[in-house]
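Just so you know, all these numbers are worked out from the coordinates, no wet-lab data involved. Computed from a predicted structure; not experimentally measured. Here the Cβ positions follow ideal geometry from the backbone for every residue, glycine too, while neighbour counts run over all protein chains shown.
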Amino acid sequence: MYMPATNETGIYMVKPDFVGWSGLIPISMFVENIIGISVDGSTNRIVWRTDNISRHGIRNLRFGNITTTLICEGNTIIAESTAPYTLVVNGVEYRINEGTNHINLSDDRTRRVY
């Protein structure tokens with residue numbers, strides 16, 4: 001029996017745990033449209049549209065020479081970064097420095113639990 005992952009002799013031709021090009025669209029759609037994160041690597045800027053106070057975010061997001069983790073829980077965002085960049089959350093700009101940064105969103109009344 002022939003499977004797309006094997007050649008005609010039955011030898012596997014794919015790498016284990018490899019998503020390939022077909023994974024780019026669902027992953028980018030999830031990050032941009034569900035989590036609400038848009039990245040502009042040319043300006044070292046991330047825009048995050050979030051009205052959700054449940055725990056959500058992204059770990060080890062790489063853009064340019066920067067790797068960052070953004071986790072939002074309640075009214076707090078914890079941003080860990082390897083280099084400085086600008087984070088815009090719901091239209092408000094924050095300077096993210098290298099290391100761990102804490103942002104309080106308690107004044108944003110548009111956020112809710114899903």
Would you grab the residues whose amide H sits under 5 Å from the one on Ile53? Only those 5+ places off in sequence or on another chain, please, with H modelled 1.01 Å from N.
Arg112, Val113, Tyr114
Using a simple spin-label model with points 7 Å from Cα along the Cα→Cβ vector, what separation in nm is obtained for Ile103 and Trp21?
3.5 nm
Asn75/Val31 FRET efficiency (R0 30 Å; Cβ-Cβ; nearest 0.05):
0.85
From the phi angles alone, apply the Karplus equation (6.51, -1.76, 1.60; θ = phi - 60°) to segment 65-74 and give each ³J(HN,Hα) in whole Hz, x where the residue is Gly or Pro.
9, 10, 10, 9, 10, 10, 10, 10, 9, x
Given backbone amide H placed at 1.01 Å from N, residues whose amide H is under 5 Å from that of Val88, ignoring those fewer than 5 places away on the same chain, are Ile46, Val47, Trp48, Tyr94
